[in-house]
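J.: For reference, the structure I am asking about is given below.
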Amino acid sequence: MLRKNEDIELEITDITNEGNGVGRYDGVAVFVSGTAVGDVIKCRIVKVNKSYCYGIITGFLKKSAYRIDDDCAVSKTCGGCSFRHFTYEQECELKNSFVKASFERIGKLHPVYEDFVGCDRISHYRNKAQYPVGVLDGKAVCGFYAKRSHRICPQTHCSLQPECFADIVDFVMEYVNRNNIQAYDEQTGKGLLRHIYLRRGEHSDEIMLCLVVTSIHRSVCFDELISAVTERFTEIKSIVLNENPDNTNIILGKNTVTVFGSDTINDKMCGNVVAISPQSFYQVNTLQAEKLYTIAKQYAQLDNDSVLLDLYCGAGTIGLSMCIGIKKLIGVEIIPQAIENAKINARHNGIDNAEFICGDAGKIAKILYERGERPNVIVADPARKGCDRQSLEYMAKMQPDRIVMISCNHATAARDCAILAELGYNPVKVRGVDLFPRTTHVECVVLLTKSDIGICGGRI
């Protein structure tokens, strides 16, 4: 059995969903971060469990053919880009294998796997960033939380974010330190500024600046900043203050006040004008999301007589991208502000065949079923935790011709599809789509059909 602090030689043969390399030593799995398949390393064991161990690299005996230079100075401490040290081609192969493994191992399912969709742009692709603010050596700093911690890694120039974000955040932080504005301290609960939150329209270039504070009433100290930052950065069309006084890991509080410009910024998604508020769900990679939604629309196979139910609809971007030429769209979302955005988006795009309902997906699905709604197609795009049982049961009870599931978590998607298979809907095909290059995250789209008409797939 391996012992802590023991030095070994190890060949890396696989990568986990979390981004750790895997090698085997005397039959024991050893997980090592920062490695690539094909690396042969000198490894020091730092943690020993009954059936596996964790190690760190102390040297290289042979470097993988996939390994490339890491161009980020803080990637090892930040931990956001677990795949920055090897080629993007290898990253896509790994992510495709992650999706397949989840459906086969977790779901016990065997759909057709369509070609993985990689991203044309692997840097500066995000339209959203949330920077925690804290104190380091007596100075207010912001950046990103180090992996599996709430320790701030000071860094504003992230290669996944638009370059203008770093300029805006640096401008704000210079003002904060010059005016001795207190950064929030998680340990004591004291301080004013908790997060700097930015959103940007990919097609419009409009930017929203949101300052998350413990008290809006104390935020008059930002009056000079609001004037200065909007003069310096003319693409800022909205500044909002969000109040979060609670001792919580949740970033946004319930109270939001607009202090400059409009309550929302505008962008385009699949040709539709979209209003985006601080609370709205909006895919962080706009150009790749448009590819994702196009695949979902192809899977949906809608026509003039189709009724489409869009569960977990957010600001309505998925349903609105599909509803031209169909009979009716019904969108369901639990966040009130997102539903208001969806209604605005429909109105701004001249769409009059859409109904948006605010509430829990499972409860609303039950109500829709009881009022006799029988959609031809259901699209579901749940959060990472996936769908609850009630939502899945009523999706099946409505007896749609097709269910299209979009998921940012292939493990919960596989679990949910296994439940739907039990309820009579087999996964016909799955396609992985990378919206988050250089990170471990990957989206997938799944087409499910009634068991009696499914062309393949189902439970093993």
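J.: Grab the strands (runs of 3 or more DSSP E) fully contained in region 222-309, keeping just those with 2 or more residues being surrounded by 22 or more Cβ atoms within 10 Å (Cβ to Cβ).
T.: By residue number, 236-243, 265-269, 272-276.
J.: If you scan region 124-174, which residues turn out to be at pLDDT 95 or above, under 16 Å from Arg84 (Cα atoms) and surrounded by fewer than 16 Cβ atoms within 10 Å (Cβ to Cβ)?
T.: His124, the sole residue that qualifies.
J.: I would also like to ask the following. Would you tally the residues in region 388-411 being more than 16 Å from the chain's Cα centre (by Cα), under 19 Å from Lys429 (Cα atoms) and hydrophobic (A, V, I, L, M, F, W, C)?
T.: Residues that pass the stated criteria total 5.
J.: Further, regarding this structure: Determine if region 62-74 includes at least one residue that is in a strand (DSSP E or B), closer than 25 Å to Glu93 by Cα and aromatic (Phe, Trp, Tyr).
T.: no
J.: Can I ask one more? Determine whether region 181-195 contains at least one residue that is aromatic (Phe, Trp, Tyr) and within 24 Å of the chain's Cα centre (by Cα).
T.: no
J.: Here's another thing I want to ask about it. With small (Gly, Ala, Ser) and modelled with pLDDT under 95 as the only criterion, which of Ser280, Ser227, Ser306, Ser238 stands out?
T.: The unique qualifying residue is Ser280.
J.: Follow-up. Give just the number: which of (1) more than 19 Å from Asn266 (Cβ to Cβ); (2) in contact with a helix residue (DSSP H, G or I) (Cβ under 9 Å, 6 or more places away or on another chain) does Gly372 not satisfy?
T.: (2)
Residue-by-condition table, conditions (1) in contact with a Pro (Cβ under 8 Å, 6 or more places away or on another chain); (2) surrounded by fewer than 18 Cβ atoms within 10 Å (Cβ to Cβ); (3) modelled with pLDDT under 95; (4) more than 15 Å from Thr294 (Cα to Cα):
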| residue | (1), (2), (3), (4) |
| --- | --- |
| Ala396 | no, no, no, yes |
| Gln399 | no, yes, no, yes |
| Ile406 | no, no, no, no |
| Asn409 | no, no, no, yes |
| Tyr425 | no, no, no, yes |
| Val430 | yes, no, no, no |
| Asp434 | no, no, no, no |
| Val446 | yes, no, no, no |
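J.: Taking region 343-369, which residues are of a type in the set (Gly, Ala, Ser) and farther than 23 Å from Lys385 by Cα?
T.: If the condition is that a residue be of a type in the set (Gly, Ala, Ser) and farther than 23 Å from Lys385 by Cα, then Ala346, Gly350, Ala354 are the ones that fit.
J.: Among strands (runs of 3 or more DSSP E) lying entirely in region 325-431, which contain 1 or more residues that are among the acidic types (Asp, Glu)?
T.: 328-333, 354-358
J.: Now for a different question. Out of Ile367, Ile339, Ile324, Ile344, which single residue is at pLDDT below 95 and surrounded by fewer than 16 Cβ atoms within 10 Å (Cβ to Cβ)?
T.: Ile324
The values are calculated or read from the model by the stated rules, or taken from the named source; none is laboratory data. Source: prediction; values computed, not measured. So basically every Cβ, Gly included, is an ideal-geometry build from the backbone, and we count neighbours across all protein chains shown.
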